[in-house]
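Participant: Take this structure first; my questions come after.
The values are calculated or read from the model by the stated rules, or taken from the named source; none is laboratory data. Here the structure is a predicted model, which is why all the values come from computation and not from measurement. Because the Cβ atoms are built from the backbone with ideal geometry, glycine has one as well, and the counts that use them run over all protein chains shown. Side chains are part of the model used for accessible areas, which takes the heavy atoms of the whole protein and leaves out ligands, DNA and RNA. Shrake-Rupley method; radii C 1.70, N 1.55, O 1.52, S 1.80 Å.
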Amino acid sequence: MDQETRQLLNFDAAIALLEQFAHTQAGRTRLASLEPLQDFQRLEARLKRQQEGLRFVSDNSRISFAHLEDPRPLLDKLGERGSVLEPGEFLDLAEILKAGQHLRKSFSKDDWPLLAEWTRPVESPHGLIEEIGRTFDPNGEVREQAHPQLAKVRRQALKSRKEVQKHLERLLKKKSDSVIQDAYVTNRNGRFVIPVKTERQSSLPGVVHGASSSGATVFVEPMSAVDLNNSFIYYQEREQELIRQILAGLSDRLREEIENLRLLADLIARVDALMAACQYAEKYRCVLPAFEQEGRLDLHQARHPLLISSLGGDQVVPIDIRLSRQENGMVISGPNTGGKTVALKTVGLLALMAQCGLPVPAENAVFPHFRAVLADIGDHQSIAQHLSTFSAHVLRIRSMMEALREDSRRPTLILLDEIGTGTDPVHGAAMAIAVIDHFRKRPALVLATTHHQSVKVFAAGQQGLVNACVELDPKTQAPTYRIRYGLSGGSSGLEVARRLGLSEDIIDQARGLMKETDRQAEQYLQHLRRELEESRRAKEEAQAHSDRMKQAKSELEERHSRQLAAQQKEFEQSLEKWAREFKRQGGRYLKSLKDRFESAKARRELEQKQAALKEAFRRQVRHQRGKEEEEESQRSSGLREGDWVSHQLFGKKGKVLEVGNGEARVDFEGKRMTCPVDQLRAAEDQPEKKRKLPKNVSLRASPAQVSPELNLIGQRVDEAVSEADKYLDQAALSEMREVRIIHGHGTGRLKKAVAEFLQGHPHVRSYKSEGGATKVRLRD
């Protein structure tokens, strides 16, 4: 990447925004090393993997590495021969190994083949996580089962500690307050001692292990406690020796897996960088770019990421930049502070990010595969190098031309800001035209900003060059930051100066000094801009009207759906109420029967009759509804020229102009539309039969709305049987072939009741008990 372009377009600052979403230092380092890819196959592969990552994030919870330490220093230490890791470092490595396991489970080959390919070279170190878990507790302490002698040594150390402490406590009780400074046992240099007043040191023979800061106290190890202290220290040292053996052995075990661990660390860095790009895309409302090797440049609603970060997404005005395959240059003009430079920087930065395989803040982004991006933006004057603004621009343009001397079929993106400034306007404009023309003859796409009128005229007369402008609001004279195509913009220098508070006398004098031809050209341009603005507003109003019509259609369809759902609910409630009454009356009749078998037979007959009546009633309602819809359709198809109609969706009334081929051309209050006849109904001005809907309407249930399982666990027998009856009706209407009724084991009463209920049921072909559930096959 050209380093000056990198700096001019703030590439590093944009990548730093992206790095904020990474959790690991390795992930941030990986993002910081991104460069635009020249190999198109590698770029395509990276974009496909990024696309898979975006789908993964939208379908799953995010993968976070925030709890992981950077594994690279640990692996560098482990790579040193004979090195021994500390307990906390082992626990950190265990978390890294667990993260690797999680990644392998998350990226299944079937669902995420490209992400799974990353995990393929990384083997799971067999038993290492378990071994670390057996060796250390969560606080990093070595567990006693890590070595067969460790538990015994620790018990001996604890016993020795208690013995020496008890011995010293007995001495404290025997000595008077005149000898003992404070009545407690403490530890100095790993040995237990008691504090003695300095002037009475001779009263307690022993080894002195230091004094207090004031000098008033000495810490004495009595001679009688030396052997006890020695025993305690021996077991302590023995414990540490065993721990060193454990740590060294486990370090050697991990060292055997060092290369695999490095692969795992690289995998975590890759995934962390990928997830950071996905979260960046979500926050900055990004899209994944598309590339055409010899294609067009098309940015829709593009925004500069640094502006989003500093101003907030809602405050940044998006831009559209389009160059077709037949166009290789654009000249952007317009007033200062209008957004020309920001437009160039946005295009250049997004092109670099896209070629790194990153999402870009836009609604749509299509780029050619650029060989390079070269920019001349801003003031490069240098006092130290004795360079004026114009000289610095010339040197920069010369270096850009030299970079294009290499023969390449791929285009280079050339960004030229305020080309031709800093010298005589006539000379500057001529040079600007020559430079733009020079770059266009190479494989390049040129975007240039200018204030020179002759450059705008040149662009208007060249095939493949597009004029565009940024403008001020005609009422407020404030910049709109939007780009308009097909028209050059006025510099509006005097208007900008007035808005910034320059004296009106100076403004009037400057206007008087302008040539008449210049004033006429400026007035003509303003007239054209007003015409263009009016055309744009008319287009936006038409689009807004179309959007309102679509919204009205959607609302009416939704209202219609709610009405149908309410009618269906009312019908189901009425049917259920009738079924309960039928069952209640049938229950009374069954109770009156004394014979057990006669009662069972009657129960089945009643259930069959109930189900048959339900289905017959539903068929009748469906038939009635179909008949009414057919009548309604016939009424619609009977429309004739001159009829007054009402549009079902939009609620507008109009007069039929033509009818044919299932469509009608209608005049709605002066606006003529062609509509399907099934969306039109006769208006109230002519006779019509009011549509009568049945009080209860049946809608065929969708299979997706009926679960393949019914869970009856926890219900009483009568409730469960009623619920099962209703469920089988719904399943039969949904044309399901097989369902499961879950009743559990329990006492068996619910299972038995379900079996009795299913026996002879009109919807049931067969059933089979399977443990705590019964599988039911339904009739066709």
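Participant: On the basis of being at pLDDT 70 or above, among the hydrophobic types (A, V, I, L, M, F, W, C), touching a strand residue (DSSP E or B) at 6+ places or on another chain (Cβ under 8 Å) and within 30 Å of Q326 (Cα to Cα), does V457 make the cut?
Facilitator: no
Participant: Does segment 162-176 include one or more residues that are among the polar types (S, T, N, Q) and either out of contact with any helix residue (DSSP H, G or I) (no Cβ under 6 Å at 6 or more places or on another chain) or in a loop (DSSP other than H, G, I, E, B) (or both)?
Facilitator: Checked against the condition, which is being among the polar types (S, T, N, Q) and either out of contact with any helix residue (DSSP H, G or I) (no Cβ under 6 Å at 6 or more places or on another chain) or in a loop (DSSP other than H, G, I, E, B) (or both), segment 162-176 yields at least one hit.
Participant: Out of the residues in segment 405-443 meeting the condition of being part of a loop (DSSP other than H, G, I, E, B) and open to solvent by less than 20 Å² (accessible area, probe 1.4 Å), tell me which one is nearest to E292 (Cα to Cα).
Facilitator: Restricting to residues being part of a loop (DSSP other than H, G, I, E, B) and open to solvent by less than 20 Å² (accessible area, probe 1.4 Å), the top hit is P411.
Participant: Identify the residue in segment 660-678 that is open to solvent by 90 Å² or more (accessible area, probe 1.4 Å) and not in a strand (DSSP E or B) and, among all such residues, is farthest from W644 (Cα to Cα).
Facilitator: Among them, the one singled out is N661.
Participant: Right, another one. So for segment 59-76 (the condition being more than 19 Å from A276 (Cα to Cα) and aliphatic (A, V, I, L, M)), does at least one residue qualify?
Facilitator: yes
Participant: Restricting attention to segment 31-60, and to residues there that are farther than 20 Å from D111 by Cβ and of a type in the set (D, E), which single residue is surrounded by the most Cβ atoms within 10 Å (Cβ to Cβ)?
Facilitator: Checked segment 31-60; the qualifying residue surrounded by the most Cβ atoms within 10 Å (Cβ to Cβ) is E44.
Participant: Shifting gears a bit: Just checking, how many residues over segment 162-176 are among the charged types (D, E, K, R), open to solvent by less than 90 Å² (accessible area, probe 1.4 Å) and within 16 Å of Q201 (Cα to Cα)?
Facilitator: Result for segment 162-176: 1.
Participant: A follow-up question, please. Would you tally the residues in segment 177-207 being surrounded by 14 or more Cβ atoms within 10 Å (Cβ to Cβ), of a type in the set (S, T, N, Q) and assigned to a loop (DSSP other than H, G, I, E, B)?
Facilitator: 1
Participant: Kindly check whether there is at least one residue in segment 68-80 that is open to solvent by 70 Å² or more (accessible area, probe 1.4 Å), part of a loop (DSSP other than H, G, I, E, B) and without any contact (Cβ under 8 Å) to a residue 60 or more places away in the chain.
Facilitator: Looking through segment 68-80, at least one residue is open to solvent by 70 Å² or more (accessible area, probe 1.4 Å), part of a loop (DSSP other than H, G, I, E, B) and without any contact (Cβ under 8 Å) to a residue 60 or more places away in the chain.
Participant: If R188 satisfies every condition in (1) touching a Ser or Thr at 6+ places or on another chain (Cβ under 6 Å); (2) touching a residue at least 24 places away in the same chain (Cβ under 8 Å) but one, which is the exception?
Facilitator: With (1) touching a Ser or Thr at 6+ places or on another chain (Cβ under 6 Å); (2) touching a residue at least 24 places away in the same chain (Cβ under 8 Å) applied to R188, the lone miss is (1).
Participant: For segment 249-271, what are the residues that are in contact with a Leu (Cβ under 9 Å, 6 or more places away or on another chain), part of a helix (DSSP H, G or I) and either closer than 30 Å to S309 by Cα or not basic (K, R) (or both)?
Facilitator: Hits for segment 249-271 are L250, S251, L254, I258, L261, L264, A265, L267, I268, V271.
Participant: Right, next: Could you check how many residues of segment 562-577 are open to solvent by 70 Å² or more (accessible area, probe 1.4 Å) and without any contact (Cβ under 8 Å) to a residue 40 or more places away in the chain?
Facilitator: So the count comes out to 5.
Participant: So which residues in segment 92-126 are of a type outside the set (S, T, Y), open to solvent by 30 Å² or more (accessible area, probe 1.4 Å), over 17 Å from Q50 (Cβ atoms) and touching a helix residue (DSSP H, G or I) at 6+ places or on another chain (Cβ under 8 Å), if there are any at all?
Facilitator: Selection gives D92, K98, Q101, R104, K109, P121, E123.
Participant: Still on this structure, please answer the following. Give segment 444-458 a look and list any residue that's open to solvent by less than 60 Å² (accessible area, probe 1.4 Å) and more than 17 Å from R396 (Cβ to Cβ), or say none.
Facilitator: Once the filter is applied, which keeps residues that are open to solvent by less than 60 Å² (accessible area, probe 1.4 Å) and more than 17 Å from R396 (Cβ to Cβ), segment 444-458 yields L445, H451, H452, S454, V455, K456, F458.
Participant: So in segment 760-779, with the set limited to residues that are exposed (fewer than 13 other Cβ atoms within 10 Å of the Cβ) and over 45 Å from the mean Cα position of the chain (by Cα), which one is nearest to L712 (Cα to Cα)?
Facilitator: K768
Participant: Kindly provide the set of residues from segment 208-225 that are without any contact (Cβ under 8 Å) to a residue 60 or more places away in the chain and either open to solvent by less than 30 Å² (accessible area, probe 1.4 Å) or at positive phi (or both), ordered by number.
Facilitator: Once the filter is applied, which keeps residues that are without any contact (Cβ under 8 Å) to a residue 60 or more places away in the chain and either open to solvent by less than 30 Å² (accessible area, probe 1.4 Å) or at positive phi (or both), segment 208-225 yields G210, G215, T217, V218, F219, V220, E221, P222.
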